[in-house]
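Please treat every number below as a calculation from the coordinates, not as lab data. Note that this is a predicted model, so its numbers are computed, not measured. Note that we place each Cβ from the backbone using ideal geometry, even for glycine, and neighbour counts take in every protein chain shown.
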Amino acid sequence: MDSSEHESALREVEEEVRRCRRCRLARTRRRAVPGEGRPDADIMFVGEAPGGEEDAQGRPFVGAAGRLLTNLLRSIGVDREQVFITNIVKCRPPGNRDPLPEEIEACNEYLLTQIALIKPKIICALGRFAAQTLIAKNLSISREHGKPRRMSGILYIPIFHPAAALHQARYVDALEADFRALRGILDGELKRERTGGDD
C-alpha cells in the first residue's frame, strides 16, 4: 500500500466513524471523534473517550487536557502534528461517564484498524481505560505507568491521563516524568530501527 492508498484507507475509517450507529452513543453525540494526526506517526496516543469540547469540534484532545498534552509533547521536543491522537471510544459518553463494555467493543474494530494502518512504534495508553483495553485487563495505572511492554512489535506505555493532573496536582510530577521517559524510549526505538538491532 503506497502513501496515498494508506491515507485514503485512514480517511475511510474516519468517515465510517462519523457515520457510525453501532451503539447508543450515536444518539447523544454531537460529533464523532475519529482521531487525527500523521498517518505514519511513530507515536500514537490513545485516550478514553471524547469530552465536551471534543464532542463539539469533532477533534480529539482539544479541551484543557488536550492543551496539557500538547504542552507535554512540546516539553520533549515533539509537535502535536507529528503524532496520531485518538480514543478507545469515538463518541462522548453522556455526562462524561465511563464508557460501557459494549461501547468499547463497538469501537474496537476502528481502533485496531487505525493501529494496523498507522503502524506506530509506540502506543501511549492515556489513563486506566485505555491501558486496560490495550495492554492488560487488570493493569493498575498507578503501579505500571511509564513501564513499556512490547506486544506484536509495538511498545505500549501506560501513562496517566492528562486530565488526572488537572484534577489532582500530585499527578503532575509523575506525568512529566513519564513524558521524559517517553523521549528516551522514542530515541531508543529510532536508534534501534536505524541499526536494525533487537535490543
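Summing Lys and Arg as +1 and Asp and Glu as -1 over all other residues whose Cβ lies under 12 Å from the Cβ of Ile135 gives a net charge of +4. Taken one residue at a time, the phi angles of the range 114-119 give Karplus couplings (6.51, -1.76, 1.60, θ = phi - 60°) of 4, 4, 5, 6, 6, 6 Hz. Gly and Pro are set to x. Fewest neighbouring Cβ atoms within 10 Å first, the residues Arg74, Arg59, Arg92 line up as Arg74, Arg59, Arg92.
Look at the alpha carbon pairs under 8 Å that are at least 6 residues apart: their mean separation over the length of the range 1-112 gives a relative contact order of 33 percent. Per-residue ellipticity at 222 nm computed for the chain from its helices equals -15000 deg cm²/dmol, with DSSP H segments shorter than 4 residues left out and the rest contributing -39,500 (n - 2.57). Going through [x] 12; [y] 15; [z] 32, the figure that equals percent of Cα pairs over 30 Å apart as computed for the structure here is [y]. Once C-alpha pairs closer than 8 Å and six or more residues apart are averaged by separation and normalised to the residue number of the range 3-195, the relative contact order reads 22 percent. Under a Gaussian network description of the chain, with springs only between Cα atoms under 10 Å, the residue in Pro148, Pro158, Pro101 that fluctuates furthest is Pro101. What the Cα atoms of the range 134-176 give is an Rg and a Dmax of 11.5, 35 Å.
Summarised as an ellipsoid, the range 90-199 has semi-axes of 25, 20, 11 Å, derived from the eigenvalues of the Cα gyration tensor scaled by 5 and square-rooted, with the largest first.
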